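Single-structure report; data block below.
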Amino acid sequence: MNAAPARGPVDAVPAYYPGCSLDGLGKAYEVTCQQVLDRLDLSLDRIVDYNCCGATEVKNLSQDVSIALPARNLALARSMDRHQVVAACNGCVYSLARANDAVHEEATRTRINATLQAGGSPAYDGSASVQHVLEFIYQRAGLERVRAAVRRPLTGLTVAPYYGCLYTRPKRYTGVGTTPGTDDPEHPHFLDELLRACGAKVVEEYSAKTICCGGGHALSDLDVSVAFGASILNEAKRAGADLVATICPLGQINIENHLDRIRAEFGEEIVRPVAYFTQLMSLAFGSSLKQARLGDNFSRPDLFLRARGFV
Amino acid sequence: MPIVEKSLVSVDRVEHLEVEGIDVSGDWNTFLRSRVVTDLDVKIADWVKGQPQGETISRCWQCGTCTAGCCLHTDYGLEEFNPRYFIYLAQIGYEEELRRYASTIWRCVSCNKCVERCPKGVKVEEVIHTIGTYLELSGGAAESPADRFDRAYTENLLGRGILDEAALFRTYERLEGRRTPARELLRLGLTLLKSGRLHTGPFAHRTRGWNRMRKVLEAKLTEDRARRRASVPAPPVPSGRKP
Ligand code: SF4
Ligand code: SF4
């Protein structure tokens, strides 16, 4: 039961796993990811016939189904001859990396491959590593290139960087903290640095950085998910932030979906606009509010940013 | 933590604690002589350990690190949500006490802080869910909202290979007997439609060539469910016996 090695060979153009959220509610995240990558001269190659990764839900019903779902996507990446898979959703990073850990064990690998092949998928040998798009941008572009790409610095904005749970956790699956060049699992800072490179003021020691958003139970446990959404906003308010930056569609959607309840239970004064970090980066790289799709977000960062002089 | 309130210290408890004739007080200079407890009921621990998600349960040495940082216990403040204790109760087979938490244990939000921090490599989050599954399958515990959601989610995504978010929302609301007012739904639907994000029903995304995989995975799901149900030990006979 030793953990699988978390990173393998590096591809010039890794495979990109969109996942359901980026193709659905999180469209603004996908579009602005692409804008940011373009401006930084980075490319990813989309896994075309991907399937849902199963998030954290499927594993509670069946281990094998919860491994086969992500493994099929990793197998597709391997058949594109890629060794690296980049995903933008924390939940996807978690379940893809969890599948890698599981198929590291031979008996499991044999069983999963029998399932995959029965379903018409190529087999998977465990040789594709998984990375969050935040880490990909940070490692590949570096802060220098980000600074050089800025056209409209985010000067005057104070941002609370919200990472959530599964970007780093657990390191046994993600390899974050145990692989050279990855973020710090307890005190991540890649997002802080990227936003700072874009000219924003970033809240130091934002205490809600890695707390849970409750998104897994967004529908099934309202008390908890509303409270977590509220405390992410409340900590941002206490730290003097104007807005919250997210790196995960689950976090983004969970906070935004609960805004009415948060207002009613905790008061309007804690509410802040919430935006994907790539929306903010794209804005800094010269996109308009519309191009960065900031009007897609229910918390309407576009209105707030317009009042601050962005167009 | 030092005990600041002296009145909390009871001499009887600290200095004269004896179990089965063995001094377990931990008083200065005493070593705890090991004793063998043979009447623990290990059927729960064995069952949990037999599930791939629960196999790390036996590594736990009860340090409490998981509970100390648990999002539900510490951040949300749900004191009775105590992963260390759930594992302990499963290990010693104190089923009646464990059952008292059947309506709490499902609330784990899968934040994985516990897994990240456990010094023994216990996959705490998965172990906790497996204990929850035990409580449900072995009779007694009703299906929890989280279990209903997991089921709705899985069935939804297996249908087309890609989740239909709007359909999942509708299915789950029906399962819970909840109804979001039509006006609110319409407002949400319009916002999503305008920004090109409403892919539901006939417009839902699908994975090309998924049908074959769907059949295999649905069969696997049914098989796993049946296997878990069949392997679960018989429901407990209430006895009042403490381990
Ligand atoms: S942190 Fe690990 S070893 Fe410590 S009590 Fe929790 S599960 Fe057991
Ligand atoms: S995964 Fe569950 S048990 Fe573990 S820290 Fe989070 S809420 Fe607590």
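The table below lists the values:
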{"quantity": "Selection count, the stretch B:65-80, where residues are assigned to a helix (DSSP H, G or I) and either more than 13 Å from ligand 2 (Cβ to nearest atom) or touching a Lys or Arg at 6+ places or on another chain (Cβ under 7 Å) (or both)", "calculated": "6"}
{"quantity": "Residue match in the stretch A:13-32 (condition: in contact (Cβ under 8 Å) with a residue 12 or more places away in the chain, closer than 24 Å to A:Thr278 by Cα, assigned to a helix (DSSP H, G or I) and of a type in the set (Phe, Trp, Tyr))", "calculated": "yes"}
{"quantity": "Pairs with Cβ under 7 Å, 6+ apart, first in the stretch B:47-70 and under 15 Å from B:His129 (Cβ atoms), second within 13 Å of ligand 2 (Cβ to nearest atom) and aromatic (Phe, Trp, Tyr)", "calculated": "B:Cys70/B:Phe81"}
{"quantity": "Residue within the stretch B:115-135 that is closer than 21 Å to B:Gly77 by Cα, facing another protein chain (nearest Cβ under 10 Å), among the polar types (S, T, N, Q) and open to solvent by less than 20 Å² (accessible area, probe 1.4 Å) present", "calculated": "no"}
{"quantity": "Residue in the stretch A:43-59 that is farthest from the other protein chains (Cβ to nearest Cβ), counting only those that are open to solvent by 20 Å² or more (accessible area, probe 1.4 Å) and modelled with pLDDT of 95 or more", "calculated": "A:Ser43"}
{"quantity": "B:Thr171 being of a type in the set (Val, Ile, Thr) and either within 17 Å of A:Ser66 (Cβ to Cβ) or over 28 Å from the mean Cα position of the chain (by Cα) (or both)", "calculated": "no"}
{"quantity": "Near pairs, Cβ below 6 angstrom, 6+ apart or cross-chain, from the stretch A:288-301 (away from chain B (no Cβ under 11 Å)) to any residue that is small (Gly, Ala, Ser) and open to solvent by less than 20 Å² (accessible area, probe 1.4 Å)", "calculated": "A:Ala292/A:Ser282; A:Pro301/A:Ala275"}
{"quantity": "Restricting the stretch A:131-161 to residues that are closer than 24 Å to A:Phe310 by Cα and assigned to a loop (DSSP other than H, G, I, E, B), the residue that is most open to solvent (accessible area, probe 1.4 Å)", "calculated": "A:Arg151"}
{"quantity": "Considering residues of the stretch B:20-59 that are among the hydrophobic types (A, V, I, L, M, F, W, C) and open to solvent by 50 Å² or more (accessible area, probe 1.4 Å) only, the residue modelled with the lowest pLDDT", "calculated": "B:Trp28"}
{"quantity": "Pairs where the first residue, in the stretch B:119-131, is closer than 16 Å to B:Ala146 by Cα and more than 9 Å from ligand 1 (Cβ to nearest atom) and the second is hydroxyl-bearing (Ser, Thr, Tyr) and in a loop (DSSP other than H, G, I, E, B), C-beta under 7 Å, 6+ apart", "calculated": "B:Glu125/B:Ser110"}
{"quantity": "So B:Tyr94, is it away from ligand 2 (no atom under 14 Å from the Cβ), aromatic (Phe, Trp, Tyr) and open to solvent by 30 Å² or more (accessible area, probe 1.4 Å)", "calculated": "yes"}
{"quantity": "Output for the stretch A:213-256, where each listed residue is out of contact with any helix residue (DSSP H, G or I) (no Cβ under 8 Å at 6 or more places or on another chain) and open to solvent by 30 Å² or more (accessible area, probe 1.4 Å)", "calculated": "A:Asp223, A:Glu235, A:Arg238, A:Ala239, A:Gly240"}
{"quantity": "Residue match in the stretch A:266-280 (condition: among the aromatic types (Phe, Trp, Tyr) and surrounded by fewer than 20 Cβ atoms within 10 Å (Cβ to Cβ))", "calculated": "yes"}
{"quantity": "Residue pairs meeting the criteria (Cβ under 6 Å; at least 6 apart or on separate chains; first outside the structural domain of A:Tyr173 (by TED's automatic domain parsing) and assigned to a helix (DSSP H, G or I), in the stretch A:94-118; second open to solvent by 10 Å² or more (accessible area, probe 1.4 Å) and aromatic (Phe, Trp, Tyr))", "calculated": "A:Ala97/A:Tyr173; A:Arg98/A:Tyr173; A:Asp101/A:Tyr173"}
{"quantity": "Any chance B:Gln62 is touching a Lys or Arg at 6+ places or on another chain (Cβ under 8 Å), at pLDDT below 95 and assigned to a loop (DSSP other than H, G, I, E, B)", "calculated": "yes"}
{"quantity": "Test: residue in the stretch B:82-105 that is under 29 Å from A:Ser225 (Cβ atoms), assigned to a loop (DSSP other than H, G, I, E, B) and within 12 Å of chain A (Cβ to nearest Cβ)", "calculated": "no"}
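The values are calculated or read from the model by the stated rules, or taken from the named source; none is laboratory data. On a predicted model such as this, the values are computed, not experimentally measured, just so you know. Cβ coordinates were reconstructed from backbone atoms using ideal geometry, including for glycine residues, and neighbour counts include every protein chain displayed. What goes into the accessible areas is simple: the full protein's heavy atoms, side chains included, and nothing from ligands, DNA or RNA. Shrake-Rupley method; radii C 1.70, N 1.55, O 1.52, S 1.80 Å.
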